[in-house]
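The values are calculated or read from the model by the stated rules, or taken from the named source; none is laboratory data. Because the structure is a prediction, the values reported are computed rather than measured. Ideal geometry is used to build each Cβ from the backbone, glycine not excepted, and the neighbour counts take in all protein chains shown.
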Amino acid sequence: MPKSKKTFNQINLSDPQYYLNRELSWLEFNSRVLHEACDSRNRLLERLKFLAIFSSNLDEFFMVRVAALKQQVEAKVSYLTFDGRTPQQQLDDISFSLRPLVAQEHQHFEQVLRSQLLNNGIYILNYIDLDDKQRNYLDAYFNEQIFPVLTPLAVDPSHPFPYISNLSLNLAVVVKNPETEEELFARVKVPKVLPRFLPLPPELGIHHHDKPAHWTGIPLEQAIAHNLESLFPGMNIQEYHLFRITRNNDLTLEGDEADDLLLAIEQELRKRRVGGTPVRLEIQAQTPEVIRSRLLEDLDLGENDVYEVEGLLGLGDLMYFIALPLLELKDPPWQSVVPPRLQRIREPILNPNMRELEEGKDFFAIIRERDLLVHHPYQSFSASVLRFITHAAHDPHVLAIKMTLYRTSGDSPIVKALITAAENGKQVSVLVELKARFDEENNIYWARRLESVGVHVVYGLAGLKTHSKIVLVVRREQEQIRRYVHIGTGNYNPKTARIYTDLGIFSCREELGADVTDVFNFLTGYSRQKSYRQLLVAPVNMRDRFVTFIRREIENVQNGLNGRIVAKMNALVDPKIIETLYEASRAGVQIDLIVRGVCCLRPGLKDISENIRIISIVGRFLEHSRIYYFYNNAQEEIYIGSADLMPRNLDRRVEVITPVQDPDIAKDLQEILGIMLADNRQAWELQSNGSYVQRRLRDDGSEASSQKAFMSMVSGSNSTGTN
């Protein structure tokens, strides 16, 4: 007999008190990134890398998120978020939460990492620490290489305050006219066309343990600051102070887009190079009030927009040092491996006079055996996804290739393979998402290259971004046409595939092929497809299907059965999905979520979310894969794809999620989830108040790092390595 349905007190699950703020949750994520920079268990240059990532993340946060909130305040928008905050309240809370993190960032670099870099032969010096020979070298370098690039700009009644470009580092200089004793103000921009850090030649470098240091040099701005007399001859240099500007830099297009989307985005990109309204001013802590006030007035900023910095500004530039060939200061290099099944494949023959691949050894034969799962960066992207597209480009039996491109690398071998396919007479169709934030310019370039060789290029749908990761290959095999698909969680980008964790499935199942065909017709034509055989497609059916899956677990528990949900994603923001998860928790469904970044659900609330546990994993690789598991009364279902559970993914993007039908792959994915849930090295547990607590090692001191576990698993599979 099924158990009677449990009754609950009536609770308004949309009450703002049950939701965390999106922006503050993102700051919590970035604080976990900062923790990696401060964690002595990480190697030195890895810590420096995390510090640079923290700084770069903040730049983008201000350019996009803070800029949008400031626009709402200026427009007098009083709209409350689902957590109950106005735009101004969010700005105030961001400022309050962020200032301690910024202070921690700079203190850790100046007080900890700088000295550790010195101890390891990396000397980031100040100009005043240089000896005469070193100064003479840098002064000569300044005159030859730097001085011709600089443009000092006076600020007075006849010279209005100059436009200061986004993310630019600048010197506010005060000079005195010796004849009139008048003090004058000027601005000197530190040029981005020159390296931020200037190395000294080895013979002038500091010796470390009786050997030349690995790197000795100074920041570019110090070479400029100590040669200001060359820029203002005849003037007395009184003082200088560094400052840095962040501007609104999000690309905006009107709702119906434009008749020529490519042209419209090119015009917007020209605006972006200069930047929109200022949103943040970073200054050195010792900057006098008179200069501070002058900058705020001319930039139309308030005190809440100022961030005082002790030491170097723009720590994102520290990524420069990651390229130093110091293996002992970095994580051991990881070489992804070729999945065992793909080791039987021969490389495509590139000689046009030898078109045939050896029978039975091509990529397609492997997929015909059964579906194939690949897990990047543990398994090779180039030996799987890239090889799949390259094979298709050269295989004489392939008739057509269709794919979506959201982000790809600047020297994309994928695009080159598509060009080759078009040149080989295949019909190639590519949806290039021109609105992929901060990759628009790169995507425009590739779109034009593809069009020039006859590829059918589509720029996306009005009002929607195409974020799905899908490839369709149509192949003639004897008397039939067969469709091969790749459906993934990550971008078709060989570079990020080395540092992002992602999943992909290759299949030639007929229903999947038919569904992917329908998706491409939706993207390229006038299809109003409302149903799909297998796929979850946003904004068509994905939201409703997810709600249905969760409610099915609720119903099973209410009927006395077990209910279980496990999901991994980058962000959980959608209020409707969260409310449904609350309902599931209240019914007794056991829910484990792995959410890397923003999470607006509060776990552990009495009578609300006591059955929900949430962790975030931040480690060597950026967690990017999405996996959704539903117990379904022991008829388990598991899905992977491109979508996070955010309103933008479910309502304003074209996303694709596929069910996993191969039972062995389903078990592999469940194992991946289980290993991540057991992580006690990079895992952080979300508390009901929105804070995170890092897990501790087991009582026996053993460490369980999921990322190390995956590396160990594939290394032990007798697979060959590749990049």
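A residue that is under 26 Å from the mean Cα position of the chain (by Cα), closer than 24 Å to residue 684 by Cα and of a type in the set (Val, Ile, Thr) cannot be found anywhere in the range 646-664.
With respect to residue 98, determine if the residue is assigned to a helix (DSSP H, G or I) and either under 18 Å from residue 688 (Cα atoms) or of a type in the set (Lys, Arg) (or both).
On the way: assigned to a helix (DSSP H, G or I): yes; either under 18 Å from residue 688 (Cα atoms) or of a type in the set (Lys, Arg) (or both): no.
Against the criterion (assigned to a helix (DSSP H, G or I) and either under 18 Å from residue 688 (Cα atoms) or of a type in the set (Lys, Arg) (or both)), residue 98 does not qualify.
When residues in the range 550-578 are screened for being under 21 Å from residue 14 (Cβ atoms), buried (at least 20 other Cβ atoms within 10 Å of the Cβ) and among the basic types (Lys, Arg), 0 of them pass. Using beta carbons and a limit of 9 Å, which pairs, at least six apart or on different chains, have the first residue in the range 47-59 and assigned by TED's automatic domain parsing to the domain that holds residue 682 and over 7 Å from residue 37 (Cβ atoms) and the second one at pLDDT 95 or above and in a helix (DSSP H, G or I)? Within 9 Å, no pair qualifies. Checked against (1) among the hydrophobic types (A, V, I, L, M, F, W, C); (2) part of a helix (DSSP H, G or I); (3) over 14 Å from residue 137 (Cα atoms), residue 237 passes all but a single condition, namely (2).
Can residue 14 be described as polar (S, T, N, Q) and farther than 21 Å from residue 307 by Cβ? In short, yes. Hey, any hits in the range 71-79 for a residue that's out of contact with any Ser or Thr (no Cβ under 9 Å at 6 or more places or on another chain), under 22 Å from residue 282 (Cβ atoms) and without any contact (Cβ under 8 Å) to a residue 60 or more places away in the chain? Checked against the condition, which is being out of contact with any Ser or Thr (no Cβ under 9 Å at 6 or more places or on another chain), under 22 Å from residue 282 (Cβ atoms) and without any contact (Cβ under 8 Å) to a residue 60 or more places away in the chain, the range 71-79 yields no hits at all.
Exactly one residue among 185, 142 is touching a residue at least 12 places away in the same chain (Cβ under 8 Å), crowded, with 16+ Cβ neighbours inside 10 Å, more than 39 Å from the chain's Cα centre (by Cα) and in the same structural domain as residue 300 (by TED's automatic domain parsing), and that residue is 185. Residue-level analysis places residue 69 outside the set of residues that are surrounded by 20 or more Cβ atoms within 10 Å (Cβ to Cβ) and closer than 30 Å to residue 111 by Cα. Number of residues in the range 300-331 that are under 17 Å from residue 36 (Cα atoms) and outside any helix (DSSP H, G or I): the value is 2. Among the residues of the range 409-440, the ones that are over 24 Å from residue 515 (Cβ atoms), at pLDDT below 75 and assigned to a loop (DSSP other than H, G, I, E, B) come to 8 in all.
On inspection, residue 463 passes the criterion of being farther than 13 Å from residue 641 by Cβ and of a type outside the set (Val, Ile, Thr). Pairs meeting the criteria (first residue in the range 126-137 and not assigned by TED's automatic domain parsing to the domain that holds residue 220 and surrounded by fewer than 16 Cβ atoms within 10 Å (Cβ to Cβ), second residue in a helix (DSSP H, G or I) and hydrophobic (A, V, I, L, M, F, W, C), beta carbons under 9 Å, at least 6 apart or on different chains) are lacking. Against the conditions (1) assigned by TED's automatic domain parsing to the domain that holds residue 629; (2) on the phi > 0 side of the Ramachandran plot, residue 478 satisfies every one except (1). Determine if the range 334-341 includes at least one residue that is at pLDDT 90 or above, under 30 Å from residue 117 (Cβ atoms), surrounded by fewer than 16 Cβ atoms within 10 Å (Cβ to Cβ) and in contact with a strand residue (DSSP E or B) (Cβ under 9 Å, 6 or more places away or on another chain). Yes, the range 334-341 contains a residue that is at pLDDT 90 or above, under 30 Å from residue 117 (Cβ atoms), surrounded by fewer than 16 Cβ atoms within 10 Å (Cβ to Cβ) and in contact with a strand residue (DSSP E or B) (Cβ under 9 Å, 6 or more places away or on another chain). Looking across the range 471-519, the residues that are within 26 Å of residue 571 (Cα to Cα), buried (at least 19 other Cβ atoms within 10 Å of the Cβ) and of a type in the set (A, V, I, L, M, F, W, C) come down to 471, 487, 497, 503, 505, 506, 516, 519.
Looking at the range 536-549, which of the residues that are touching a helix residue (DSSP H, G or I) at 6+ places or on another chain (Cβ under 9 Å) and surrounded by fewer than 19 Cβ atoms within 10 Å (Cβ to Cβ) is nearest to residue 656 (Cα to Cα)? Result: 539. Of the residues making up the range 115-142, just one is basic (Lys, Arg) and within 12 Å of residue 218 (Cβ to Cβ), namely 135. The lone criterion from (1) under 30 Å from residue 47 (Cβ atoms); (2) in contact with a strand residue (DSSP E or B) (Cβ under 9 Å, 6 or more places away or on another chain); (3) among the charged types (D, E, K, R) left unmet by residue 637 is number (1). Are any of the residues in the range 189-197 among the charged types (D, E, K, R), over 30 Å from residue 61 (Cα atoms), modelled with pLDDT of 90 or more and not in a strand (DSSP E or B)? No: the range 189-197 contains no residue that is among the charged types (D, E, K, R), over 30 Å from residue 61 (Cα atoms), modelled with pLDDT of 90 or more and not in a strand (DSSP E or B).
Checking the condition modelled with pLDDT of 95 or more and at negative phi, which residue from 322, 345 passes? Reasoning before the result, please.
Values: 345 fails: modelled with pLDDT of 95 or more.
The conditions single out 322.
Looking only at the range 238-251, decide whether some residue is buried (at least 16 other Cβ atoms within 10 Å of the Cβ), in contact with a helix residue (DSSP H, G or I) (Cβ under 8 Å, 6 or more places away or on another chain), farther than 19 Å from residue 172 by Cα and modelled with pLDDT of 75 or more. For the range 238-251, residues buried (at least 16 other Cβ atoms within 10 Å of the Cβ), in contact with a helix residue (DSSP H, G or I) (Cβ under 8 Å, 6 or more places away or on another chain), farther than 19 Å from residue 172 by Cα and modelled with pLDDT of 75 or more: present. Selection of the range 591-633 for residues being over 26 Å from the mean Cα position of the chain (by Cα) and in contact (Cβ under 8 Å) with a residue 60 or more places away in the chain yields 604, 605, 607, 608, 609, 630, 631, 632, 633.
Of the residues making up the range 17-76, those that are out of contact with any helix residue (DSSP H, G or I) (no Cβ under 8 Å at 6 or more places or on another chain), closer than 20 Å to residue 575 by Cβ and in a helix (DSSP H, G or I) are 17, 22, 25, 28, 29, 68.
So, in the range 145-154, how many residues would count as being touching a residue at least 60 places away in the same chain (Cβ under 8 Å) and aliphatic (A, V, I, L, M)? Let's see the steps before the verdict.
If we filter the range 145-154 for residues that are touching a residue at least 60 places away in the same chain (Cβ under 8 Å), which is where we start, we get 146-147, 150, 152.
Add one more test, that the residue is aliphatic (A, V, I, L, M), and what stays is 146, 150.
Qualifying residue count, the range 145-154: 2.
For the range 640-723, the helices (runs of 4 or more DSSP H) that sit wholly inside it and include 3 or more residues that are under 30 Å from residue 543 (Cβ atoms) and in contact (Cβ under 8 Å) with a residue 12 or more places away in the chain are 647-651, 663-677.
Out of curiosity, is residue 616 in a strand (DSSP E or B), polar (S, T, N, Q) and in contact with a Leu (Cβ under 9 Å, 6 or more places away or on another chain)?
Values: in a strand (DSSP E or B): yes; polar (S, T, N, Q): yes; in contact with a Leu (Cβ under 9 Å, 6 or more places away or on another chain): yes.
Answer is yes for this residue.
So which of 597, 641, 619 is outside the structural domain of residue 502 (by TED's automatic domain parsing), modelled with pLDDT of 95 or more and under 22 Å from residue 485 (Cβ atoms)? Even if it seems obvious, please write down each step before you answer.
On the way: 597 fails: under 22 Å from residue 485 (Cβ atoms); 619 fails: under 22 Å from residue 485 (Cβ atoms).
Selected residue: 641, the only one of 597, 641, 619 that is outside the structural domain of residue 502 (by TED's automatic domain parsing), modelled with pLDDT of 95 or more and under 22 Å from residue 485 (Cβ atoms).
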